[in-house]
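This report refers to the structure that appears directly beneath it.
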Amino acid sequence: MALYSEKVMDHFRNPRNVGVIEDADGVGEVGNAKCGDIMKMYLKIEGDVITDAKFETFGCGSAIASSSMATELIKGKPVADAMRLTNQAVTEALDGLPSHKIHCSVLAEEAIHAALEDYHRKTKSEDCP
Ligand code: FES
């Protein structure tokens, strides 16, 4: 059996949503100290719905595939749904990852949550000048 699923290879070779959102409503950057990989997530949010998501990942193929799949999973979804996104959901959507690559999907979960926290911080401070 191949080490990586076809979906992982597809999202690694043709990652969706790579790039930067200049006027993002939330930006989150996380890293894994062990492998040194870094993931940055940009979210555009309108009326509590994630209208766009982009990422920059300096990391392994599984991290790129996880970022790509995670952005696809949250685009068009309410913020509350994205808050509940887990690395298991990302892994399942990719038809699995090898056990030593599960932490790559954790990075995607953490990056999205960090971007949402940034969004909440910004909107909170706008509400309470
Ligand atoms: Fe660390 Fe993939 S090896 S994110």
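The values are calculated or read from the model by the stated rules, or taken from the named source; none is laboratory data. As the structure is a prediction and not an experimental result, all values here were calculated from the model. Cβ atoms come from the backbone with ideal geometry, glycine included; neighbour counts cover every protein chain shown.
Data overview
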| read-out | value |
| --- | --- |
| Test: residue in segment 79-96 that is of a type in the set (Lys, Arg) and over 14 Å from the mean Cα position of the chain (by Cα) | no |
| Residue within segment 25-36 that is at positive phi, within 16 Å of the ligand (Cβ to nearest atom) and without any contact (Cβ under 8 Å) to a residue 24 or more places away in the chain present | yes |
| Residue, farthest from the ligand (Cβ to nearest atom), within segment 51-77, restricted to residues that are part of a strand (DSSP E or B) and within 12 Å of the chain's Cα centre (by Cα) | ASP52 |
| Any hit, segment 90-103, residues being within 16 Å of the ligand (Cβ to nearest atom), among the small types (Gly, Ala, Ser), modelled with pLDDT of 95 or more and part of a loop (DSSP other than H, G, I, E, B) | yes |
| Check on ASP118, under 21 Å from VAL20 (Cβ atoms) and acidic (Asp, Glu) | yes |
| Single match in GLY19, GLY28, GLY61, GLY36 (criterion: under 22 Å from THR91 (Cβ atoms) and in contact with a strand residue (DSSP E or B) (Cβ under 8 Å, 6 or more places away or on another chain)) | GLY28 |
| LEU43 vs. criteria within 23 Å of TYR4 (Cβ to Cβ) and either more than 13 Å from the ligand (Cβ to nearest atom) or in contact (Cβ under 8 Å) with a residue 40 or more places away in the chain (or both) | no |
| Verdict on LYS44 being among the basic types (Lys, Arg) and loosely packed, with under 13 Cβ neighbours inside 10 Å | no |
| Hits in segment 16-41 (condition: buried (at least 17 other Cβ atoms within 10 Å of the Cβ) and touching a Phe, Trp or Tyr at 6+ places or on another chain (Cβ under 8 Å)) | ASN17, ILE21, ALA24, ASP25, GLY26, VAL27, ASP37, MET39, LYS40, MET41 |
| Residue count for segment 1-60, restricted to those that are within 20 Å of SER99 (Cβ to Cβ) and touching a Pro at 6+ places or on another chain (Cβ under 7 Å) | 1 |
| Any chance ASP118 is among the acidic types (Asp, Glu), buried (at least 18 other Cβ atoms within 10 Å of the Cβ), away from the ligand (no atom under 16 Å from the Cβ) and not in a loop (DSSP other than H, G, I, E, B) | yes |
| Test: ARG16 is more than 10 Å from the chain's Cα centre (by Cα) and without any contact (Cβ under 8 Å) to a residue 40 or more places away in the chain | no |
| Boolean, ALA111 is surrounded by 24 or more Cβ atoms within 10 Å (Cβ to Cβ), under 20 Å from ASP10 (Cα atoms) and at pLDDT 95 or above | no |
